[in-house]
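Okay, structure first, notes after.
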Amino acid sequence: MSIYVGVGGWTFEPWRGVFYPEGLTQKRELGFASRALTSIEIV
């Protein structure tokens with residue numbers, strides 16, 4: 001059985017300092033999220 005974890009987008013200000021490390025620039029958030037999750041919805 002496979003389990004996939006994803007989000008509907010990646011630019012969420014409340015995640016900064018919580019999911020995203022302190023000091024990570026916004027332009028690097030997608031790269032960070034792509035290593036932590038198995039699916040990211042881009043609309």
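None of the figures in this text is laboratory data; all of them are computed from the coordinates on show. A quick note: this is a predicted structure, and the numbers were derived from the prediction, not measured. Using ideal geometry, Cβ is built from the backbone for each residue, glycine included, and neighbour counts are taken over all protein chains shown.
What GluC sites (Glu not before Pro) does the chain have in DSSP loop regions with at most 13 other beta carbons within 10 Å?
For GluC sites (Glu not before Pro) across the chain that sit outside H, G, I, E and B with at most 13 neighbouring Cβ atoms in 10 Å, the list reads GLU22, GLU41.
Report, in debye and to the nearest 20, how large the dipole of the chain comes out about its Cα centre when Lys and Arg carry +1 and Asp and Glu carry -1 on their Cβ.
120 debye
Provide, as a two-decimal number, the C-alpha radius of gyration of the chain over 2.2 N^0.38 Å, N being how many residues it has.
So the Cα radius of gyration is 1.17 times the expected 2.2 N^0.38 Å.
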